[in-house]
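Asks: Before anything else, here's the structure in question.
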Amino acid sequence: MESQTKFLTFVYQEEFPLERGGYLPDITIAYNTFGRLNEERDNCIWVCHALTANSDVADWWPNTVVPEGFLDPDKYFIVCANILGSCYGTTGPLSINPETGEPWYDSFPKLTIRDVVRAHILLADHLKLDSIFSLIGSSVGGFQAIEWAVMQPWRFRSIVFIATAPYASPWTIAIDETQRMSIFADKTYGEKRPDAAKDGLAAARAIGLLTYRGGRGYNLTQQDHPSEGVPDYHRACSYQRHQGEKLIKRFDAYSYVTILDMFDTHNVGRGRNGIAEALKHITCPVVCVGITTDIIFTPEEMKELSEMIPNSEYREIDSEFGHDGFLVEHTLLKKIINNFFSSLPQQKQ
């Protein structure tokens, strides 16, 4: 394989059954690769992406796919697959339903995190990646990584969980429901067009951002500029609207709702005698990374996750940027993950 970035697709042409019932007639999985697979086929790092990201890790996780980074394309073969239900090339609500010849829109089947992981497994099998050097997941990507690590612990030599959890808590589900409420309040939701409920989607994004950054992050970056009079428009207001506008240019309400619904299904202990019993299946070295100001997945919760995994260590990033610290604090994250990788048994690269 050549070492440059590649955008590829894999088509699974058989029925894909879903955990909540029903099936997809077939699925397409979009994915990116970076770097080169070695002769032993064991230098892969698989990255699971979060809510509205895509398979191009270098696009949404800046300063990570770089030489000497923890996603160094000169050392590793990096794979990231766009998740089911998204709108970046993998089968989702804007895809054509082959049985009707029309996009699915709001009739797209309900998904779970386990469905997403089963799609990842199909791709990993297709690529013949039986020994993955490391699995990395942050936020909803961490949901996928936790589920996959329990389903196939033999496949991974190491795992990195960042700002995530083994189940969707009532707090996180409430955040999702508030965003859904804003989308459903847009009367155009349900219309058979890609830009339906764009105003509701913009509002949902603004709600989500409050939880991603938290008060400290906003107070640090969105203060009004000093002036003698009353400002006509606050910087924080402009930021919220700008971020909403950015999202509706690249995402759609149907995919957003699909992924929020999928998020809420996450519970690695379902059908496995509880979370603690399920996590015992993970036996490879693991590092769990918390962020001091994260109000979605708190440091305390990340410590609890680490304590339930047999061969796990906990590390913490001190950041003012809340949950988004995993995107912003790339230098601190690089140090933690590279040190973790250095502690692992050496492999030929």
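The values are calculated or read from the model by the stated rules, or taken from the named source; none is laboratory data. If you're wondering where the values come from, they're calculated on a predicted model, not measured in any experiment. A quick note on method: Cβ atoms are made from the backbone with ideal geometry, for glycine too, and the neighbour counts reach across all protein chains shown. Accessible surface areas use protein heavy atoms only, side chains included; no ligands, DNA or RNA. Shrake-Rupley method; radii C 1.70, N 1.55, O 1.52, S 1.80 Å.
Asks: Just report the Cα centroid separation between the stretch 157-196 and the stretch 88-132, whole Å.
Replies: 18 Å
Asks: Okay, moving on. Sorted from largest to smallest, which semi-axis lengths in Å does the alpha carbon gyration tensor of the stretch 95-173 give for its equivalent ellipsoid, taking the root of 5 times each eigenvalue? Intermediate values should be presented prior to the final figure.
Replies: On the way: eigenvalues 141, 76, 15 Å².
That gives 27, 20, 9 Å for the three semi-axes.
Asks: GLU307 versus MET181, label points 7 Å from Cα toward the beta carbon: distance in nm?
Replies: 3.3 nm
Asks: Residues of the stretch 15-85: accessible area per residue at 1.4 Å, in Å²?
Replies: 33 Å²
Asks: For SER227 paired with LYS249, estimate the spin-label separation in nm (one decimal), with each label point 7 Å from Cα along the Cα-to-Cβ line.
Replies: 2.4 nm
Asks: Let me ask another. Taking amide H positions as placed 1.01 Å from N in the peptide plane, with prolines and chain starts having none, which residues 5 or more places from THR164, or on another chain, fall under 5 Å of its amide H?
Replies: Placed amide hydrogens put SER139 under 5 Å from THR164.
Asks: Probe 1.4 Å, all protein chains in place: accessible area of ARG235 in Å², nearest 10?
Replies: 100 Å²
Asks: Let me ask you something else. State the percentage of accessible surface on the chain attributable to carbon and sulfur atoms; use a 1.4 Å probe and exclude ligands, DNA and RNA.
Replies: Roughly 51 percent, rounded to a whole number.
Asks: Heavy atoms only, 1.4 Å probe, whole protein assembly: order MET308, MET302 by accessible area, highest first.
Replies: My answer, sorted largest first, is MET308, MET302.
Asks: In sequence order, what are the phi-derived ³J(HN,Hα) couplings for the stretch 30-43 according to the Karplus relation 6.51 cos²θ - 1.76 cosθ + 1.60 with θ = phi - 60°, rounded to whole Hz, with x for glycine and proline?
Replies: For the stretch 30-43, the Karplus-derived couplings read 8, 8, 10, 10, 9, x, 10, 6, 6, 4, 7, 6, 10, 10 Hz, x marking Gly and Pro.
Asks: Using a 1.4 angstrom probe on the protein heavy atoms only, line up VAL286, VAL65, VAL328 by accessible area, largest first.
Replies: VAL328, VAL65, VAL286
Asks: Counting only pairs 8 or more places apart or on different chains, how many lysine pairs in the chain have C-alpha atoms closer than 23 Å?
Replies: Eligible lysine pairs with Cα atoms under 23 Å apart amount to 22.
Asks: For ASN97, what residues show an amide H to amide H distance below 5 Å, using hydrogens built from the backbone and excluding near sequence neighbours?
Replies: Result for ASN97 returns GLU102, TRP104.
Asks: Taking a probe of 1.4 angstrom, what is the accessible area of ARG205 in Å², to the nearest 10?
Replies: The accessible area comes out at roughly 40 Å².
Asks: Based on a Kirkwood Rh over C-alpha pairs, give the Stokes-Einstein translational diffusion coefficient of the chain at 10 °C and viscosity 1.306 mPa s in µm²/s. The partial results should precede the final answer.
Replies: Values: Rh = 20.8 Å.
Here the translational diffusion coefficient equals 76 µm²/s.
Asks: Under a 1.4 Å probe, what is the accessible area of the stretch 222-263 per residue, stated in Å²?
Replies: With the other protein chains kept in place, the stretch 222-263 gives 61 Å² per residue.
Asks: Could I ask something else about it? Given a 1.4 Å probe, how much area per residue of the stretch 268-349 is accessible, in Å²?
Replies: Counting only protein heavy atoms, the per-residue value for the stretch 268-349 is 48 Å².
Asks: Using amide H atoms built in the peptide plane, which far-off residues or other-chain residues are under 5 Å from GLY190 H to H?
Replies: none
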